[in-house]
1. Tell me which residues, restricted to region 35-69, are among the hydroxyl-bearing types (Ser, Thr, Tyr) and closer than 14 Å to Asp4 by Cα.
2. Which pairs do you get when a residue that is within 21 Å of Asn124 (Cα to Cα), found in region 147-168, comes within reach of a residue that is exposed (fewer than 13 other Cβ atoms within 10 Å of the Cβ), reach meaning Cβ atoms under 7 angstrom, with the pair 6+ apart or on two chains?
3. Just give me the residues in region 123-160 being surrounded by 12 or more Cβ atoms within 10 Å (Cβ to Cβ) and of a type in the set (A, V, I, L, M), in sequence order.
4. Could you list, in sequence order, the residues of region 84-101 that are within 19 Å of the chain's Cα centre (by Cα) and either modelled with pLDDT of 70 or more or not hydroxyl-bearing (Ser, Thr, Tyr) (or both)?
5. Look at Leu104 and say whether it is of a type outside the set (Gly, Ala, Ser) and modelled with pLDDT of 85 or more.
6. Among the residues of region 49-74, which ones are surrounded by 14 or more Cβ atoms within 10 Å (Cβ to Cβ), in a loop (DSSP other than H, G, I, E, B) and either more than 16 Å from the chain's Cα centre (by Cα) or at pLDDT below 90 (or both)?
7. I need the full set of residues from region 1-42 which are touching a helix residue (DSSP H, G or I) at 6+ places or on another chain (Cβ under 7 Å), surrounded by fewer than 14 Cβ atoms within 10 Å (Cβ to Cβ) and outside any helix (DSSP H, G or I), in order please.
8. Restricting to region 122-152, name every residue that is at pLDDT below 80 and either under 22 Å from Lys164 (Cβ atoms) or basic (Lys, Arg) (or both).
Amino acid sequence: MERDWTRLGAALKAAREAHDLPQGTVAERIGVKRGTMRNIENGEIARVTPTVRAYARAVGWTDDSVEAVLAGGEPVKAPTGADTPEARDRGAAENVALPAAEELPLRIQAALREGPLIDTAVINLPSDDDGPEGQMVVIVKGRAGATPEQLKRALLRWEEAELKLRRTDSTNTTDQY
């Protein structure tokens, strides 16, 4: 099936304008330049990136909405209030004992302290049945002291790797992010 990038861009722009959000505000919120926003809104893209997903979230869409619009469907508004994933996570946290940072392995603690944060993702682990067997939490860090150009290259490499991970995931379940 052909993906309609122009339709996606127009739908994102319409949603942004419906929320009275200036292009520059959304660009700043998701950490890109206005030229990137223009390219997305004009359909001058060829793949779903974390930036496209961030744009969708910024205008109140669920993460699945990007693919739905590309396939000719309609976007779905993300839940608000107590029904958001964040609210459910806060409630669940009361019943689940998560390790404190000092309980993580030393190499993970060290890696988390070094370099600038580039991106994060939660990706479902593939399974053979109705749902994911678990999830993979990915924190992408840049090298300490990296130049903006080096960080940009690291982000591009991460986006390529993320596509491969999510492609594996999408054959079994729909990711949530």
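The values are calculated or read from the model by the stated rules, or taken from the named source; none is laboratory data. Being a predicted model, the structure only gives us computed values, none of them experimental. Virtual Cβ from ideal backbone geometry, glycine too; neighbours counted across all protein chains shown.
1. Once the filter is applied, which keeps residues that are among the hydroxyl-bearing types (Ser, Thr, Tyr) and closer than 14 Å to Asp4 by Cα, region 35-69 yields only Ser65.
2. Once the first residue is within 21 Å of Asn124 (Cα to Cα) and sits in region 147-168, its partners that are exposed (fewer than 13 other Cβ atoms within 10 Å of the Cβ) give Leu163/Arg47.
3. Ile123, Leu125, Met136, Val138, Ile139, Val140, Ala146, Leu151, Ala154, Leu155
4. Hits for region 84-101 are Pro85, Glu86, Ala87, Arg88, Asp89.
5. no
6. Correct list: Thr49, Thr62, Asp63, Asp64.
7. The answer is Lys33, Asn42.
8. Hits for region 122-152 are Val122, Ile123, Asn124, Leu125, Pro126, Ser127, Asp128, Gly131, Pro132, Glu133, Gly134, Gln135.
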